[in-house]
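All remarks here apply to the structure that follows.
Here, each number is a calculation from the coordinates, and none is a lab measurement. These numbers were taken from a predicted model, which means no experiment stands behind them. Cβ sites come from the backbone with ideal geometry, for glycine too, and all protein chains shown count toward neighbours.
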Amino acid sequence: MKAQAKEADERLLIEAVQKDPARFVDLYEENFERVYAFVSRRVHSRADVEDITAEVFHQALTNIAKFEWRGVPFAAWLYRIAANAVADRWQRVSREQGSPVPGDPQDDSEAVDMEKSERAARLFNLVNGLPQDQRRVIEMRFAEEKSILEIARALGRTPGAVKQLQFRGIQNLRAQFEKEPGKKLSRSHG
């Protein structure tokens with residue numbers, strides 16, 4: 001039920017932004033960390049990550065009137081914009097240097113497709129529905145890529161307690177994710 005309410009809230013917010021683009025700040029704040037993390041996993045220069053992330057939100061604001069709600073989280077649309085922006089950046093750098101750039105997404109078999117982005121967006125929604133302690137551990141561990149020890153220190157918990165919260169959080173996510181027929185949460189992180 002929480003996910004349905006969040007989806008309804010997001011849809012209403014998008015409609016409000018389409019009527020009044022000044023409300024875009026709410027969508028920006030809701031999705032900034034997700035987009036930044038998505039881009040930072042594909043681009044290694046912090047300056048480039050910041051530039052691309054800014055470009056993604058600029059493009060989203062420019063094209064928000066064209067966005068059509070299809071029951072897929074807004075973040076999936078942002079991921080598609082981000083994937084295209086990263087690919088464009090690599091192509092531009094490649095042309096400027098006159099040769100393929102190592103790590104170019106065009107060279108990787110890990111091409112970002114819409115289904116993968118939608119799946120990631122759904123997973124982000126499910127993480128937001130976890131109990132606060134589990135959510136924080138999952139975010140710190142996987143989005144911020146912190147060690148168990150770093151998380152334990154930050155939360156004032158023992159490493160064992162953090163591991164238990166992480167385990168329970170992953171169990172909850174898997175159970176929720178698999179509620180949809182045919183959907184499975186893979187055990188790999190790549």
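Projected onto their three principal axes, the Cα atoms of the stretch 2-111 cover extents of 47, 26, 23 Å, largest first. Here, P(r) means the percent of Cα pairs in each 10 Å bin from 0 to the largest distance; for the stretch 1-63 it is 21, 43, 28, 8. Cβ-to-Cβ counts within 10 Å put PHE57, PHE142, PHE167 in ascending order as PHE167, PHE142, PHE57, the fewest first.
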